[in-house]
1. For the stretch 207-254, which positions are in contact with a helix residue (DSSP H, G or I) (Cβ under 6 Å, 6 or more places away or on another chain) and either in a loop (DSSP other than H, G, I, E, B) or among the β-branched types (V, I, T) (or both)?
2. Can you tell me which residue among V223, V208, V228 is assigned by TED's automatic domain parsing to the domain that holds D278 and farther than 20 Å from T297 by Cβ?
3. Suppose we filter the stretch 255-280 for residues that are outside any helix (DSSP H, G or I), farther than 28 Å from D213 by Cβ and not β-branched (V, I, T); how many remain?
4. Mind checking which pairs have a first residue in the stretch 139-167 that is more than 21 Å from Q193 (Cα to Cα) and a second that is among the polar types (S, T, N, Q) and part of a helix (DSSP H, G or I), Cβ under 8 Å, 6 or more apart or different chains?
5. Only one of A249, A295 is surrounded by fewer than 17 Cβ atoms within 10 Å (Cβ to Cβ), hydrophobic (A, V, I, L, M, F, W, C) and within 14 Å of E226 (Cβ to Cβ); which?
Amino acid sequence: MNPIALKEKAPLDELMLAMDVVDTLRHKELMLAREVEADNREQNLLERLREIYTGQGIEVSDDVLKQGVAALQEERFAYKGPRPSFSRSLANLYVTRARWGKWVTTGVAVVAIGGAAYQFGIRGPELRAAATLPVELQTAYQTVVAETQDPPALSKAEQYLTDGKVQIEHRDFSEAGATVGALHALDTQLRQQYDLKIVQRQGERSGVYRVPDDNRRARNYYVIVEAVTPRGERLSIPITSEESGKTAAVREWGLRVDEATYNSVAADKRDDGIIQKDVVGAKHRGVLNPEYSVATTGAAITKW
């Protein structure tokens, strides 16, 4: 046999035996605890290891046993994991991606959906409102101005315009939109034409009176009226009640008149059951309020 091969083989065999010694020491750690704690620790370990290998029919020299004990103490054959580092963390994340990947994907999807909802549900409408509302407000105002020269109507339109500009400046787009709607409603009201007629259908009242709470000896008189267009259509008109202060769109309401007017209407109806002079006012296009043909303050009630 080649002498050189023998020289190379021997160190390898000794190395393998030394590694086996280390492995034995690790696996027999509990059994050898007494020897480790004894004063003559190294000698006791050698003797016990020799007994273990002899019992297995393996001949191991003292040099190899000493090499194994020394290697154990130096942790020469022990596996030491890589130290923590950024690159190691990235590698661990990649290896364990199957565990955490679906949660990250779900999280990203939730964030994306939330961002899209904000963009399309909140931010988008805000941007559109900021761009369109100033134009809509000015256009609605100009439409009213083109329709009327009535001072009360113009004053109301100018107030709406001022309010709308302030609301847009403060980015209160919801209120600004409502103000634009109010200008459109004002324009619709200005375009209306109708007569104010006293209601005289069978089973319905033509007039009522009220006793004020603050003066029980006084009476407030009202004739029940409705708005009728030249085509005979009955309109719903926004009326503010002087009793409740609330405004409601109604087809019939009580128009406050003086006592003489109230008594005249009552006498006209008693004559033959028909009120001959049933028209008490007229609303012309381009004006805000009707012109009355009877004595009235224009105050009204909506319930009786």
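The values are calculated or read from the model by the stated rules, or taken from the named source; none is laboratory data. This is a predicted model, so every value here is computed, not measured. In this analysis, Cβ positions are derived from the backbone assuming ideal geometry, glycine residues included, and neighbour counts consider all displayed protein chains.
1. Scanning the stretch 207-254 gives a single hit, V223.
2. V228
3. 4
4. Y160/T179; L161/Q138; D163/T179; G164/T179; Q167/T179
5. A249
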